[in-house]
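The values are calculated or read from the model by the stated rules, or taken from the named source; none is laboratory data. Only a predicted model underlies this, so the values are computations on that prediction, with no experimental measurement involved. Here the Cβ positions follow ideal geometry from the backbone for every residue, glycine too, while neighbour counts run over all protein chains shown. Just the protein is used for accessible areas: all its heavy atoms, side chains included, with ligands, DNA and RNA removed. Shrake-Rupley method; radii C 1.70, N 1.55, O 1.52, S 1.80 Å.
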Amino acid sequence: MTGHVDPTKEVFAQFRENDREGPIHMLNLVRLKPRATYPDGHAATGAEAYAAYGRDSLPVFSRLGGKVVWQGGFELMLIGPQQEHWDHVFIAEYPSVAAFVEMIRDPVYREAVKHRQAAVDDSRLIRLKPMPVGDGFGQIPE
């Protein structure tokens, strides 16, 4: 089974159509391959390739106002498929949908993303709307 690495054109179109004002948060769940699979056969571990993606894309990410607002180390799947694990878990914030779209269209980023594609076995990228924190579970602040 092939993992999820890149968005489909249809889902990306939905992402762009929901161009509300304000920042977006992107929850990233990333599982790496033991060995990266570059089309040219370049030898690297998945971790090395993902680190190259982070290093090479950082100038574009930062220039457009992106920042990591939370990250954590995966420990245990309490509820969910027990075979799932994630090597990187973090939330990136972008000032707007337009900033995210500009990032992925940037030529420097497009070169850097080749490392991500070589490194990632499976991933989830979940768009979230930042909201104030409520007093407890099940409350959605207005």
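Quick look at the values:
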quantity	calculated
Scan of segment 80-91 for residues that are within 21 Å of Glu48 (Cβ to Cβ) and in contact with a strand residue (DSSP E or B) (Cβ under 6 Å, 6 or more places away or on another chain), ordered by number	Trp86, Asp87, His88, Val89, Phe90
Restricting segment 108-124 to residues that are among the β-branched types (Val, Ile, Thr) and over 8 Å from Val30 (Cβ atoms), the residue that is surrounded by the fewest Cβ atoms within 10 Å (Cβ to Cβ)	Val108
Scope segment 80-91; condition more than 15 Å from the chain's Cα centre (by Cα) and open to solvent by less than 70 Å² (accessible area, probe 1.4 Å); matching residues	Gly80, Pro81, Glu84
Segment 61-74, residues that are in contact (Cβ under 8 Å) with a residue 40 or more places away in the chain and either touching a Gly at 6+ places or on another chain (Cβ under 8 Å) or open to solvent by 40 Å² or more (accessible area, probe 1.4 Å) (or both)	Val69
Contacts under 9 angstrom Cβ, first residue in segment 85-102 being under 13 Å from Leu125 (Cα atoms), partner at pLDDT 95 or above and among the hydroxyl-bearing types (Ser, Thr, Tyr), 6 or more apart	Trp86/Ser123; His88/Tyr50; His88/Ser123; Phe100/Tyr94
Subset of segment 24-60 [of a type outside the set (Asp, Glu), crowded, with 17+ Cβ neighbours inside 10 Å and not in a strand (DSSP E or B)]	Lys33, Ala36, Ala44, Gly46, Ala49, Tyr50, Ala52, Tyr53, Ser57, Val60
Filter result for the condition that a residue is in a helix (DSSP H, G or I), surrounded by 12 or more Cβ atoms within 10 Å (Cβ to Cβ) and out of contact with any strand residue (DSSP E or B) (no Cβ under 6 Å at 6 or more places or on another chain), over Met103, Met77	Met103
